[in-house]
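Comments concern the structure below.
Every read-out reported here was derived from the displayed coordinates using simple, explicitly stated rules and does not represent laboratory data. Keep in mind that this is a model prediction, so the values were computed, not measured. Please note: Cβ atoms are built from the backbone with ideal geometry, for glycine as well, and neighbour counts cover all protein chains shown.
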Amino acid sequence: MDIEIRSGLAEARALAGEHWRALTVYVAIGVVIPFLLLSSEPIFNLRTVMAMAVSPYSAYVSGSIAGPIYLLGIVSVLAAGAMLAAWNAVLAEMREGFISEIMYGMVAGAAFLVTNILLYFGIGILVSAPIVATIGMTEWNGVAGGALAIAYRLFLSILGTWIGARLCLAGAIMGAGGGLNPFSAFAESWWLTREAQGRLFAFYFVWGAIIGAAFGGLVLLHGAVIWNNAQAPGSWLETMMSFGWVLLFAAYFLGQILFAAGFLRSARPATAAAEVFA
């Protein structure tokens, strides 16, 4: 089993051209609506974050922490649901319409999201356990800014990218078949990507670096606008900054959907489940 990056990207472009209307709808559900919801919470405002960073004792955000956490939960479910609905729209043999796709996406997306959280939380515990057992949390906090901590974070980044590359097809597999079981989709993705894991790791590492660089650049640009106080909040320049954030998140959202869908389309049919971890 092998997956060619070039053929996968060609499939992704074809799917984008064929289903651009559906993708536009799901970008609105999975990116625009969550962005507007988060913008209503002061703690997610860059002005507030910068004020707290510069003077943590003079700037504060009132209210309970439960509100932002609850809002993050809603936004996460919306984004995951929109992704599963989009995969169902672009990969299903026969589309059943937006209502059916959205209903499927909300249910499948919640299962997909919870499974991902449990998976990465479990991996985080397994990776952290040896350090805690060896040197303890007190000693670890003492070296948190040193070379050991930097190497550890680099290791986590590489490990997370590799696991993400191996499981990148799971959501697309669920959406293509209208499935609700993320565990079997993860197993099938693990098997499908075994021959191409090096290429997929390199691709997603570069993709993550591009998005990270764009994110950092936008933070610096938006921060400069705020720091120089060139425009008041709500001005046209602040609106353009918000538009830039939406474009960045939309690009990442579409990339995650179309890359996985294209790679799945370029892969050979999966074999029996008994051969998944052979």
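Packing, taken as the mean count of other beta carbons within 10 Å per residue, orders the peptides 235-241, 196-202 from highest to lowest as 196-202, 235-241.
With K and R counted +1 and D and E -1, the other residues having a Cβ less than 13 Å from that of ALA165 yield a net charge of +2. The modelled label-to-label distance for the pair SER128/ARG13, using points 7 Å beyond Cα in the direction of Cβ, is 4.3 nm.
Residues in segment 104-110 carry Karplus couplings, in order, of 4, x, 5, 6, 5, x, 5 Hz; the curve used is 6.51 cos²θ - 1.76 cosθ + 1.60 with θ = phi - 60°, and Gly or Pro positions show x. Taking a point 7 Å from the Cα of TRP162 along the Cα-to-Cβ direction, the residues of segment 189-213 with backbone N closer than 20 Å to it are 189-209. Using the Karplus relation 6.51 cos²θ - 1.76 cosθ + 1.60 with θ = phi - 60°, the per-residue 3J(HN,Hα) values for segment 210-220 come to 5, 5, x, 5, 5, 4, x, x, 5, 4, 5 Hz, with x marking Gly and Pro.
Quick one: if you stick a label point 7 Å off each Cα along the C-beta vector at ASN181 and GLN197, how many nm between them? Result: 2.3 nm between the two label points.
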